[in-house]
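Working notes for the structure below.
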Amino acid sequence: MSQFNELLQWGIENSAGGQPQAPNGAARNPKSLNPELLAQLLGGPSDADRMREAMLAITAPADKVDLENKLIAWDNFEQLIENLDNANNMQALGLWMPLVEQLGSEEAECRRYACWCLSTAVQNNAPCQERCLAIGAVPKLLKLAMEDKEQSVRKKAVTALSSEVRNYQPGLDELAKHTPKDVWAGDEKLDAGEMEQVDKIIGPLREKAAKP
């Protein structure tokens, strides 16, 4: 009933007789209807459905879904989780584990997209930063950032690490714990809320990743 009530309210507010007036007498701009709700009411796939379908294609065997179509699915998935609610819904949908497992894909483009999607999900998003840490993604991202044979993968891994640790102290502490001494000496406690301090560890990683 809540969905019906929302639709009813939307209809009233946007009808000719129901348009509220602004203080200057002009009609207010019509309120847009929640796209997720509209899709459900019209019987179309929800964002949650599209996220699940994309991940199914991404994780399908190569003889079922070729790389070209996997990359389309990756692109769709990344765009969907740009929405904060969708990113936060990944845990309920069981999508974190298969996403992190793609960091170990044999396909470089899949590894790169996995890093990219993790970066998108955790950026300025504490619940996703917490989940990324809990599922053990930080050491995996660090390994890719330092060792992957493809520069594009290394660079995306550093981007994901940067998004994970900024303004999230447990993530930064985890990264500092695993980073080799020749990259960062580890002789001081870094503050995740201070970007210059975060860059003391992200900067060297970025430089290392950028090398041919």
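Coordinate-derived values only; no laboratory data. Remember, predicted model here, so these are calculated numbers, not experimental data. We place every Cβ from the backbone using ideal geometry, glycine too, and count neighbours over all the protein chains shown.
Could you list the trypsin sites (Lys or Arg not before Pro) in the range 132-161 that lie in coil according to DSSP, counting only those with at most 16 other Cβ atoms within 10 Å of their Cβ? Write down the numbers at each step before the final one.
Working: sites: LYS140, LYS143, LYS149, ARG154, LYS155, LYS156; in loops: LYS149.
Hits after loop and neighbour filter: LYS149.
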Nitroxide proxy distance, nm - points 7 Å out along Cα→Cβ at ASP191 and GLN79:
4.1
Among the lysines, which fall within straight-line cross-link reach of LYS211, defined as a Cα-Cα distance under 27 Å, with same-chain neighbours fewer than 8 residues apart omitted?
LYS140, LYS143, LYS149, LYS155, LYS156, LYS177, LYS181, LYS200
Once you have the Cα-Cα distance between LYS181 and ALA108, take 0.36 nm times their residue separation minus that, and quote the gain in nm to one decimal.
23.6 nm
